[in-house]
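The values are calculated or read from the model by the stated rules, or taken from the named source; none is laboratory data. Worth saying up front: this structure is predicted, and the values here are computed from it rather than measured. We place every Cβ from the backbone using ideal geometry, glycine too, and count neighbours over all the protein chains shown.
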Amino acid sequence: MKQYTGEVLSHRKHGEEYHSLTVVAPDIAASARPGQFVNLRPPADRYYILRRPFSICRVNRGSGWAATIEVIFDIRGPGTAALAAMRAHDPIDVIGPIGQGFAIPKNRQACLLIGGGVGATPLFFLGEELRAAGKRVDVLCGASRASRLVNTLELKRLGAMTEFTTDDGSVGYHGLVTDLLPNMIERCGSEVLYACGPRPMLQAVTAIAIKYRLPVQVALEEQMACGIGICLSCVAPIYNQKGTGVMHVRTCLEGPVFNGARVAWDRYGTDLDEADGPPGN
Amino acid sequence: MSDIEDLTTTELLRPSELVKPIDRKAEAEAAGRGGRPQADLSVRLAGIPLRSPIVTASGCFASGKEIAEFMDLRVLGAVVVKSMTLEPWQGKPPPRMVETPSGMLNAIGLQNKGVDYFLRYDLQALNAAKVPVIASIAGNTQQEFVRVADRLRGAPGVIAVEVNISCPNLEDRSSMFSHDPKATAGVIGNVRRCLEVPVFAKLSPNVTSITDIAGAALDAGAAGLSLINTLLGMAIDIETGKPRLGGVMGGLSGPAIRPVAVRAVYEVRQAYPDVPIIGMGGVMDYKDALEMIWAGANAVAIGTANFIDPRSTLDITRGIERFLVEHGIRSLSRLRALSGPRSSPPAPSATPASAAPSPGAPPSAPLSRR
Ligand SMILES: Cc1cc2nc3c(=O)[nH]c(=O)nc-3n(C[C@H](O)[C@H](O)[C@H](O)COP(=O)(O)OP(=O)(O)OC[C@H]3O[C@@H](n4cnc5c(N)ncnc54)[C@H](O)[C@@H]3O)c2cc1C
Ligand SMILES: Cc1cc2nc3c(=O)[nH]c(=O)nc-3n(C[C@H](O)[C@H](O)[C@H](O)COP(=O)(O)O)c2cc1C
Ligand code: FES
């Protein structure tokens, strides 16, 4: 993990709804793995003070000293709005690469990548790495409407087979990714599932993976204050190794990628301790 | 948990090398060998010599291991670790954080691995890093506080114990310990009796009179005070009408609370001219830290700022050093002599309104350049 002042190489509109920021950050590009993220500090404003976490969408290690990382995001609030206003040559404070990324299987070949909305951004980096490792890559990507699918062209290129779903039917199958998932697993002979997107989708994908007895890795996104492991704000309920108990585990350092079967999905929002803790801190 | 195989541990290759070595150049600079002008930042806190007044705020630095990747911990006066309890606590369910204008709300619920884990792992690491430790303790009953304190007796490198009394008092279910002078005195008195090191009481700002609670803590034997803990707050999602924190209410921290913190330190300083105070609340840069010192703090703890910039404590330390050099002041104790303790302290005031205009807290003359 490194902190330094990178430089914006380019800011582009990405499709109708998204923005893409490419940042010169050689040390981060050199060691980043798919699934890891960076914590960007948007230009100062009096309404927000914290950094903003974003999945690393792609790295370009080729250009040596000017190696870059790319993030894709949509404008949700003041932080992302400020980032979307950044231009080439602006300095930007960046920490990364952070967290545990997706693991690449040693023995299995057919990998199915499942993305939802803007959460699909790490799939590009992951897909390239898997292909470089000689794996078969298939892609299943969903969103609420066509304009919220990230770079469909690239995803089509990435997947041996690529399917899209939209909630409104504007592109691809009219429905949810999980409607198509069983069929896709069978057609592609998938051996490993990777999923990133909204939590209900990750939970549903995990349930299907368990039914098919396939390993599944999910990337969780929690509210993060520090993104470097010191505040404990980003935890998720995770089963311990033996599956006998549930613990609150940091998603910034121990995650964001977890084995989906070890996420205690139904324990979100419940107290894990008998004793009720204090309000605050 | 399902019995499907856990590839993360059995079959898949994991990125292992996440930890980069410390930047040696920054480290040398941090240690003052970078050829910069220097000033003596050492202070005494309840008789303990510290190399710097800058310490960390409990819960905002974990136990230092993560930050050690970004800076040399030896620049710190001390690391105040996350509050620990007798047994491990899992804390509140997520979401645990909401950002607010110039601040943040957190509802962590004191998640920690318990005092025995601390002694076994965190303390060893901190000792190896050669940084003094202030152990923060918490509990739901007086007995729990006492048993944690008891375990810490004689722990190497622990120079003081900070008692976080912003916990709900399960014995008299009404409120937090720090909201009631009697409960405060009870905990502090009992904890103090099992420790040789100075005990600091960390007070909540959510009270009618913080000087009354401070008085109760001091009467019970607290060697010093930590001011302030977070302000209780809440955020609601307007789409659903539901609280945005899993723990419903949370603690407000960051720049938004700094004026409250400065006021609390000032008020207690006016009432108790000689009591050692660790001031904290929204300190983001060296100017904020100096403001806290002028208000009467002997040491300044940095909390939320660490989340935004992991090198905040280092930057603040350097900033104070530069400030002293630029003003021709050789040491922090010289600065402190200009700011107080006042030769004739004003009488303890019951209300902030009467305390505010009392003269003498800020220096009457601007700092002279020599
Ligand atoms: C590990 C990680 C990776 C992420 N990767 C991406 C990415 O590649 N692209 C992208 O567009 N976004 C990503 N996010 C979410 C992104 O961090 C938030 O959208 C951003 O912080 C919002 O900031 P803001 O100031 O614009 O909005 P705010 O005003 O802070 O929030 C606006 C809305 O966004 C929601 N939001 C804020 N933070 C998060 C979060 N951490 N997760 C989910 N929703 C959030 C808020 O609840 C609120 O409803 C990621 C989050 C995490 C934790
Ligand atoms: C995420 C978080 C966790 C905290 N945990 C603790 C804790 O365990 N014990 C404690 O005494 N104070 C805790 N605090 C309070 C801080 O130590 C400090 O008093 C408060 O945040 C004000 O300082 P700041 O504005 O510089 O953060 C916590 C604060 C935050 C933001
Ligand atoms: S975001 Fe602070 S510990 Fe994970």
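Yes or no: the range B:309-317 includes at least one residue that is away from chain A (no Cβ under 14 Å), away from ligand 3 (no atom under 16 Å from the Cβ) and touching a residue at least 60 places away in the same chain (Cβ under 8 Å).
yes
Here are A:Ala261, A:Ala236: which of them is under 17 Å from B:Trp89 (Cβ atoms), among the aliphatic types (A, V, I, L, M) and touching a strand residue (DSSP E or B) at 6+ places or on another chain (Cβ under 9 Å)?
Matching residue, one of A:Ala261, A:Ala236: A:Ala236.
Matching residues to (1) buried (at least 17 other Cβ atoms within 10 Å of the Cβ); (2) facing another protein chain (nearest Cβ under 7 Å); (3) modelled with pLDDT of 95 or more; (4) in contact with a Phe, Trp or Tyr (Cβ under 9 Å, 6 or more places away or on another chain):
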{"site": "A:Cys231", "(1), (2), (3), (4)": "yes, yes, yes, yes"}
{"site": "A:Val235", "(1), (2), (3), (4)": "yes, yes, yes, no"}
{"site": "A:Gly243", "(1), (2), (3), (4)": "no, yes, no, no"}
{"site": "A:Thr251", "(1), (2), (3), (4)": "yes, no, yes, yes"}
{"site": "A:Gly255", "(1), (2), (3), (4)": "yes, no, no, no"}
{"site": "A:Phe258", "(1), (2), (3), (4)": "yes, no, yes, no"}
{"site": "A:Ala264", "(1), (2), (3), (4)": "yes, no, yes, yes"}
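Do any residues in the range B:231-246 that are within 12 Å of chain A (Cβ to nearest Cβ) have Cβ atoms under 7 Å from those of residues that are among the acidic types (Asp, Glu), where the two are at least six apart or on different chains, and which pairs are they?
The qualifying pairs are B:Arg244/B:Asp237.
Could you check the range B:201-270 for strands (runs of 3 or more DSSP E) lying wholly inside it with 2 or more residues that are more than 19 Å from B:Thr56 (Cβ to Cβ)?
Strands (runs of 3 or more DSSP E) meeting the threshold: B:231-234, B:249-253.
Name the residue that is farthest from the chain's Cα centre (by Cα), counting only residues in the range B:142-158 that are surrounded by 17 or more Cβ atoms within 10 Å (Cβ to Cβ) and in a loop (DSSP other than H, G, I, E, B).
Taking the candidates together, the pick is B:Ala155.
Out of all the residues in the range A:180-189, is one or more away from ligand 1 (no atom under 16 Å from the Cβ), outside any strand (DSSP E or B) and within 9 Å of another protein chain (Cβ to nearest Cβ)?
Checked the range A:180-189: no residue is away from ligand 1 (no atom under 16 Å from the Cβ), outside any strand (DSSP E or B) and within 9 Å of another protein chain (Cβ to nearest Cβ).
Please state which of the following conditions B:Pro168 fails to meet, knowing it meets all the rest: (1) surrounded by fewer than 23 Cβ atoms within 10 Å (Cβ to Cβ); (2) of a type outside the set (A, V, I, L, M, F, W, C); (3) at the interface with chain A (Cβ under 9 Å from one of its Cβ atoms); (4) closer than 27 Å to B:Pro276 by Cβ.
(4)
Name the residue, out of B:Ala129, B:Ala135, that is more than 15 Å from B:Lys82 (Cα to Cα) and of a type in the set (Gly, Ala, Ser).
Exactly one residue qualifies, and that residue is B:Ala129.
For the range B:165-207, how many residues are over 21 Å from the mean Cα position of the chain (by Cα), hydrophobic (A, V, I, L, M, F, W, C) and closer than 24 Å to B:Ala155 by Cα?
So the count comes out to 1.
Counting only residues that are within 14 Å of chain B (Cβ to nearest Cβ), touching a strand residue (DSSP E or B) at 6+ places or on another chain (Cβ under 7 Å) and not in a helix (DSSP H, G or I), which one in the range A:50-90 is nearest to A:Ser20 (Cα to Cα)?
By that ranking, first place goes to A:Ile56.
Exactly one condition in (1) within 14 Å of chain B (Cβ to nearest Cβ); (2) touching a Ser or Thr at 6+ places or on another chain (Cβ under 7 Å) is not met by A:Ala146; state its number.
It is condition (1) that A:Ala146 fails.
For the range B:312-325, give me the residue count where each residue is under 16 Å from the mean Cα position of the chain (by Cα) and surrounded by fewer than 24 Cβ atoms within 10 Å (Cβ to Cβ).
Selection size over the range B:312-325: 1.
Could we say that A:Ala195 is of a type in the set (A, V, I, L, M), within 16 Å of ligand 3 (Cβ to nearest atom) and buried (at least 23 other Cβ atoms within 10 Å of the Cβ) here?
no
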